1. Quick check on the stretch 34-50. Is at least one of its residues buried (at least 17 other Cβ atoms within 10 Å of the Cβ), within 13 Å of the chain's Cα centre (by Cα) and modelled with pLDDT of 90 or more?
2. Would you confirm, using the coordinates I've provided, whether residue 20 is in contact with a strand residue (DSSP E or B) (Cβ under 8 Å, 6 or more places away or on another chain), away from the ligand (no atom under 16 Å from the Cβ) and at pLDDT below 90?
3. Count, please, the residues in the stretch 51-64 that happen to be in a loop (DSSP other than H, G, I, E, B) and under 19 Å from the mean Cα position of the chain (by Cα).
Ligand SMILES: [Zn+2]
């Protein structure tokens with residue numbers, strides 16, 4: 001009998017190692033990367049949430065109209 005059990009189905013590799021130098025999708029107006037505890041999205045004060053500064057994308061929020069800012073706790 002040559003009953004060779006199938007080896008693992010799992011695909012090799014897969015997860016990207018976090019790059020400490022890569023600040024995921026942070027904009028100049030962000031005070032912290034998205035998902036940081038104690039922070040949250042707020043309307044960009046520079047463009048008022050429109051995501052635009054004149055004819056260009058707002059430089060603070062990168063055109064999203066939102067920035068990630070620290071939430072002043074209690
Ligand atoms: Zn903005």
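1. Checked against the condition, which is being buried (at least 17 other Cβ atoms within 10 Å of the Cβ), within 13 Å of the chain's Cα centre (by Cα) and modelled with pLDDT of 90 or more, the stretch 34-50 yields at least one hit.
2. Values: in contact with a strand residue (DSSP E or B) (Cβ under 8 Å, 6 or more places away or on another chain): no; away from the ligand (no atom under 16 Å from the Cβ): yes; at pLDDT below 90: yes.
Against the criterion (in contact with a strand residue (DSSP E or B) (Cβ under 8 Å, 6 or more places away or on another chain), away from the ligand (no atom under 16 Å from the Cβ) and at pLDDT below 90), residue 20 does not qualify.
3. Let us first name the residues in the stretch 51-64 that are in a loop (DSSP other than H, G, I, E, B), namely 51, 54-55, 58-64.
Those still in the list that are under 19 Å from the mean Cα position of the chain (by Cα) too: 51, 58-64.
Going through the stretch 51-64 one residue at a time, the tally reaches 8.
The values are calculated or read from the model by the stated rules, or taken from the named source; none is laboratory data. Model, not experiment: these values are computed from the prediction. Reconstructed Cβ throughout: ideal geometry from the backbone, glycine too, with neighbour counts over all protein chains shown.
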